[in-house]
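To keep things clear, I will list the structure first and then write my remarks on it.
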């Protein structure tokens, strides 16, 4: 099921001014380089691409392709436009991370340092079992709960996948909270859609609003977004970790807001202090990625290598979703790249957005 926004899509007078890529520090032929990569089969099933540099749109492209929607299934062939909604899949997690900070500023949710079970008194009987009293909300924000959760060993069609088991449970929140503690909380990262579900539930309880309603009021609306959707499960609960649908343009707006320290047109939307925590690495996700508050953080090489050097390294913030959905934000380069794609359930789904980032956009920066 979908929770729809009431804001209509259509002309967008608030969209960023266009600029020639060469005027914003790119070598000539940025669009041609993208076209060649698609023609050569290096980038496939791309649905939308927006590149913003210094607050200007230097490249914006849309394509046609087969698509799916979370909770709905196949949509058939879709001709994408600036207004077309697209699944963000797990980019939704990063949006929930931003929403938590807004709700915290409003005094509606507990701080990261608070015990997790203080937000779930209805499950107090679980609080002192198996070391769960050590769990803090910060461990949920950083996916370092140390509980028995496995989303990587089994596909999302397999009931042994922890997220699928959560969706099938009579009480999804109790299912998450009663997972055995098998590691020291905060010590290691484990990909966990259940953590995002807990954050969303805390937001809804604290604000007294459905997650999508709060998102529209506090984030999507102030950013000037068009229509959005947040998929709900059969029980009416939001699929917090992977249920957001919005246009590629609107995904790019989130990146620009972050580059601007949480502000839009001089108005604070997300507290700057919270943004800093979202993109502060708390735990390693793997040999390349680190994790903040629902955001990936990594260093990316930029510039032409000299000898053994790989060029300079720049910090990048990233939201990523299954199928090739990406939001790349590189503050030092004043650069935002939003990608939507249709490579669902493919082992090589990471390649097209990575090549767009490295071989097309960064390779053309002077």
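The values are calculated or read from the model by the stated rules, or taken from the named source; none is laboratory data. Because the structure is predicted, anything quoted here is derived from the model rather than measured. Please note: Cβ atoms are built from the backbone with ideal geometry, for glycine as well, and neighbour counts cover all protein chains shown.
The table below gives the values:
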{"quantity": "Any chance residue 50 is in contact (Cβ under 8 Å) with a residue 40 or more places away in the chain, within 22 Å of residue 253 (Cβ to Cβ) and surrounded by 18 or more Cβ atoms within 10 Å (Cβ to Cβ)", "calculated": "yes"}
{"quantity": "Any hit, the stretch 280-289, residues being within 19 Å of residue 357 (Cβ to Cβ) and touching a residue at least 12 places away in the same chain (Cβ under 8 Å)", "calculated": "yes"}
{"quantity": "Selection status of residue 41, part of a loop (DSSP other than H, G, I, E, B) and modelled with pLDDT under 95", "calculated": "no"}
{"quantity": "Residue within the stretch 304-317 that is over 21 Å from residue 260 (Cβ atoms), modelled with pLDDT of 95 or more and surrounded by fewer than 14 Cβ atoms within 10 Å (Cβ to Cβ) present", "calculated": "no"}
{"quantity": "Qualifying residues in the stretch 127-145 (those that are assigned to a loop (DSSP other than H, G, I, E, B) and in contact with a helix residue (DSSP H, G or I) (Cβ under 7 Å, 6 or more places away or on another chain)) - the one nearest to residue 174 (Cα to Cα)", "calculated": "127"}
{"quantity": "Test: residue 317 is in contact with a helix residue (DSSP H, G or I) (Cβ under 9 Å, 6 or more places away or on another chain) and in contact (Cβ under 8 Å) with a residue 12 or more places away in the chain", "calculated": "yes"}
{"quantity": "Matching option when the condition is farther than 28 Å from residue 283 by Cβ and free of Cβ contacts under 8 Å to residues at least 60 places away in the same chain, among 221, 236, 266", "calculated": "266"}
{"quantity": "Residues of the stretch 341-361 that turn out to be buried (at least 21 other Cβ atoms within 10 Å of the Cβ), touching a helix residue (DSSP H, G or I) at 6+ places or on another chain (Cβ under 8 Å) and under 22 Å from residue 301 (Cα atoms), as a count", "calculated": "3"}
